[in-house]
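Here the structure comes first, spelled out in structure tokens, and everything after it is commentary.
The values are calculated or read from the model by the stated rules, or taken from the named source; none is laboratory data. These figures come from a predicted structure and were not determined experimentally. Calculation scope for accessible area: heavy atoms of the full protein, side chains included, ligands and nucleic acids excluded. Shrake-Rupley method; radii C 1.70, N 1.55, O 1.52, S 1.80 Å.
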Amino acid sequence: MAVVAAVDAGDSDSGVIEEAERLAAAFGSELIAIHVVDREEFVSAEVHAMDEGGAPMQPEQMREYAAGVAAEVAAAADLEVTPVGLVGDIATQLDTYARDHAVSHIVVDGRKRSPIGKVVFSAVTQQIMLASTVPVVTVLHDAR
């Protein structure tokens with residue numbers, strides 16, 4: 001079994017990696033950090049590449065980019081982390097990966113924005129929680 005930390009580029013201080021690391025250590029599981037490039041991020045990266053005179057980004061290049069983001073966010077982990085990059089709808093991609101790779105838990109950032117943030121999650125977090133066929137652990141933290 002594996003524990004997945006679903007990370008975004010700004011998640012280095014969110015607690016997601018730390019919580020996933022605790023779960024992986026407790027269960028003796030592999031720790032996997034996944035960044036999913038969604039449509040908005042894909043289009044933004046393509047526009048940036050075009051501005052630099054490059055060819056349109058291919059899905060494999062986006063997966064490599066996403067794996068790089070996952071590796072960067074997970075760099076502070078004490079356990080060995082396998083970075084994975086995926087492209088597509090975030091909730092669907094995480095659930096498919098979880099089903100295909102014997103994942104026991106997915107850890108996500110709840111993106112607490114205010115005192116009411118304790119009960120209101122971001123749209124992406126809600127989609128992941130609703131779509132997942134494995135338990136989802138949500139890490140809440142104060143917005144910085």
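Calculate one ³J(HN,Hα) per residue across the range 65-70 by plugging θ = phi - 60° into the Karplus curve 6.51 cos²θ - 1.76 cosθ + 1.60, and present them in order as whole Hz with x for glycine and proline.
Here the 3J(HN,Hα) series is 4, 4, 5, x, 4, 4 Hz.
What are the ³J(HN,Hα) values, in whole Hz, obtained from phi via the Karplus relation 6.51 cos²θ - 1.76 cosθ + 1.60 with θ = phi - 60°, for each residue of the range 96-106 in sequence order, with x given for Gly and Pro?
4, 4, 4, 5, 7, 10, 6, 8, 8, 8, 10
Once ligands and nucleic acids are excluded and a 1.4 Å probe is used, how much of VAL134 is accessible, expressed in Å² to the nearest 10?
30 Å²
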